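Read through the structure below, which is laid out as structure tokens, and then see the notes.
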Amino acid sequence: MRTVILAALLLAACGGDPIDLTIPKLPEGPSHRHLRMPDSPPLRRWQYRLEVFSRVPKQIRLEARLEEPAPAGVIARIADRTNLVPREGTAWPTLVVIVPREEGAFKGSIAITSPDVPDWTVRYTFEGEVVPGALEGRHLTARSEGDLGLMRPDEEKMFSVLFKSLGAEPVTIREWIAEDPQRVRLQRLEAPVTVAAGGEVELRGAVVAPRAGGPFEARVRVLSDAENVEKGLLLRFAGHVVPDYAANPPRAVETVAYPVQETEFKVVIRAREEVPPFTVAQASGHERYFDVVSLGTAEPAREQTVKFKLKRDAPTDAARDAEWQVRLRIEPAGVDVAWPVKIRLNPPIHAHPGVIDFRTVPQGTEKEREILLAAFANRAFKVTGARSERRQVRVTVPDHAPGTAWRVLVALPRGLAAGLVDDRVVIETDDPDVPNLVIPVKAEIR
């Protein structure tokens, strides 16, 4: 609804179309918005200079997209200047359309839109045909099997990439660079390699899978003088490591917990079929938050269930998640399985909000905020006092009615000097697990 209202207001303010957009080389009017691209060599880049004038009273951004059904292999985008600023006169961005590599006829529709003006769209239809022939200049493409599939930890898999020059001029490949040399090994490039017009050259190498389980990607950047990849041609090789030992679930599934409940967590470690039975010898990294209940059976097995219990005195923070990683030592293999944990550990009593930020306040203005105290499972407690650590703010505890939440009021006094307020409110309770709560208070007095 807000989007519709905003668009209506923009149209009303502009007194017509919020944006004028034409292609000067085409006749004017909606009936002439058709782009013809006959006899295009593969991957030809057609460029149309746009004449654009914006009446929208703010900076806006232009975008181009292919409408469904989009022809395979066609690319459309706005180049040069995509941001338009009002009252700066006419802008001249460029609509770029790149035709497919495969020969044959193609057609479709391009919508030019602005995410800042939701109800405004200009459409151009297009049609053309890709015919045999070389592109002008230097153009380089690469064909490879980028999917490495399933791999073992530290497994090495060979790959081959075939580069082809599609232009009328030869392409010089200066260098190919692995972003992670320890992960990707490439054949040595003795000197710059020249790929003749219409010619091909092959790159061979190997990718070494990481030890950690899950998906991974290795990348190689190829530097050349090709016009279509001025910043380098980026090759991606994706794989998925199937570890010898996997945790299920792969990470803790609880999102919120209360240490006073001493919640139990469990994770099942399973071995791959080809791996012999194992035991979990020890756990580490959990000491601050978990007690170990069980590491599984003492006898080797293909599956072990490890159990933890949340410590009653685990550190709590109602404002942010606690993150740690449990490492489980697998024997006789002598490897570790990592089990990540991310949980919001709430104290049995916590304040809302956990931080008070008055932001910018004019000097001489008094502002007040309320802190509500929530208790887990209707836990009974009393607020025995509340104070300001640095005496920059005023703190009061209103009379408490039975059956209602405890409240604490925090106010900025009128007489504060200009500058930053950085204080902390300390709320004291009679609860043995939460003797006090500390709430940061911030403000800027101007």
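See the values below:
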quantity	calculated
Among the residues listed as Ala401, Ala411, the single one being surrounded by 14 or more Cβ atoms within 10 Å (Cβ to Cβ) and of a type outside the set (Val, Ile, Thr)	Ala411
Every residue from the stretch 375-402 that is over 25 Å from Arg414 (Cβ atoms), among the hydrophobic types (A, V, I, L, M, F, W, C) and part of a strand (DSSP E or B)	Ala375, Val383
Total residues in the stretch 320-335, condition of a type in the set (D, E, K, R) and either under 30 Å from Leu412 (Cα atoms) or surrounded by 16 or more Cβ atoms within 10 Å (Cβ to Cβ) (or both)	3
Conditions (1) outside the structural domain of Val441 (by TED's automatic domain parsing); (2) in a strand (DSSP E or B); (3) in contact with a Phe, Trp or Tyr (Cβ under 8 Å, 6 or more places away or on another chain): number failed by Leu372	(1)
Among (1) under 30 Å from Ala314 (Cβ atoms); (2) surrounded by 14 or more Cβ atoms within 10 Å (Cβ to Cβ); (3) touching a Ser or Thr at 6+ places or on another chain (Cβ under 8 Å), the one test that Val434 misses	(3)
Unmet requirement for Glu299, which otherwise passes all of (1) surrounded by fewer than 12 Cβ atoms within 10 Å (Cβ to Cβ); (2) touching a residue at least 24 places away in the same chain (Cβ under 8 Å)	(2)
Check on Pro215, exposed (fewer than 14 other Cβ atoms within 10 Å of the Cβ) and over 35 Å from the mean Cα position of the chain (by Cα)	no
Residues within the stretch 327-381 that are more than 25 Å from Asp422 (Cβ to Cβ) and of a type outside the set (Phe, Trp, Tyr), tallied	26
Selection count where residues are polar (S, T, N, Q), more than 30 Å from His350 (Cα to Cα) and not in a loop (DSSP other than H, G, I, E, B), scope the stretch 246-299	4
Residues being surrounded by 15 or more Cβ atoms within 10 Å (Cβ to Cβ) and within 30 Å of Val193 (Cα to Cα) - total across the stretch 219-276	16
Of all residues making up the stretch 404-428, the number that are over 41 Å from the mean Cα position of the chain (by Cα) and more than 24 Å from Ile445 (Cα to Cα)	1
Considering residues of the stretch 332-377 that are of a type in the set (S, T, N, Q) and in contact with a strand residue (DSSP E or B) (Cβ under 6 Å, 6 or more places away or on another chain) only, the residue farthest from Thr429 (Cα to Cα)	Gln363
Yes/no for Arg61 being among the basic types (Lys, Arg), in contact (Cβ under 8 Å) with a residue 12 or more places away in the chain, over 30 Å from Val207 (Cα atoms) and in contact with a Cys (Cβ under 8 Å, 6 or more places away or on another chain)	no
In the stretch 120-154, the residues that are farther than 23 Å from Leu95 by Cβ, under 29 Å from the mean Cα position of the chain (by Cα) and exposed (fewer than 15 other Cβ atoms within 10 Å of the Cβ)	Arg143, Glu145, Asp147, Gly149, Leu150, Asp154
Residues of the stretch 170-203 classified as assigned to a loop (DSSP other than H, G, I, E, B), modelled with pLDDT of 90 or more and over 30 Å from Gly214 (Cα atoms), total	2
Boolean, Leu162 is under 16 Å from Ser224 (Cα atoms), surrounded by fewer than 15 Cβ atoms within 10 Å (Cβ to Cβ), not polar (S, T, N, Q) and not assigned by TED's automatic domain parsing to the domain that holds Glu274	yes
Sole residue being assigned by TED's automatic domain parsing to the domain that holds Gly415 and part of a strand (DSSP E or B), chosen from Thr365, Thr305, Thr360	Thr360
Qualifying positions in the stretch 308-334 - among the aliphatic types (A, V, I, L, M), in a loop (DSSP other than H, G, I, E, B) and under 20 Å from Ala374 (Cβ atoms)	Ala314, Ala318, Ala319
Qualifying positions in the stretch 118-138 - under 21 Å from Pro41 (Cα atoms) and part of a loop (DSSP other than H, G, I, E, B)	Val131, Pro132, Gly133, Ala134, Glu136, Gly137, Arg138
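Condition check ((1) of a type outside the set (A, V, I, L, M, F, W, C); (2) closer than 18 Å to Asp336 by Cβ; (3) at pLDDT 95 or above) across all residues:
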{"position": "Val241", "(1), (2), (3)": "no, yes, no"}
{"position": "Ala247", "(1), (2), (3)": "no, yes, no"}
{"position": "Arg251", "(1), (2), (3)": "yes, yes, no"}
{"position": "Glu254", "(1), (2), (3)": "yes, no, no"}
{"position": "Ala257", "(1), (2), (3)": "no, no, no"}
{"position": "Gln261", "(1), (2), (3)": "yes, no, no"}
{"position": "Glu264", "(1), (2), (3)": "yes, no, yes"}
{"position": "Ile269", "(1), (2), (3)": "no, yes, yes"}
{"position": "Val280", "(1), (2), (3)": "no, yes, yes"}
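For every residue, the table says whether it meets (1) aromatic (Phe, Trp, Tyr); (2) in the same structural domain as Leu166 (by TED's automatic domain parsing); (3) outside any loop (DSSP other than H, G, I, E, B); (4) within 27 Å of Asp17 (Cα to Cα).
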position	(1), (2), (3), (4)
Pro38	no, no, yes, no
Gln47	no, no, yes, yes
Arg65	no, no, yes, yes
Pro69	no, no, no, no
Ile78	no, no, yes, yes
Pro100	no, no, no, no
Lys107	no, no, yes, no
Ala111	no, no, yes, yes
Asp116	no, no, no, yes
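The values are calculated or read from the model by the stated rules, or taken from the named source; none is laboratory data. Owing to the predicted nature of the structure, the values given are computational and were not obtained by experimental measurement. Cβ atoms come from the backbone with ideal geometry, glycine included; neighbour counts cover every protein chain shown.
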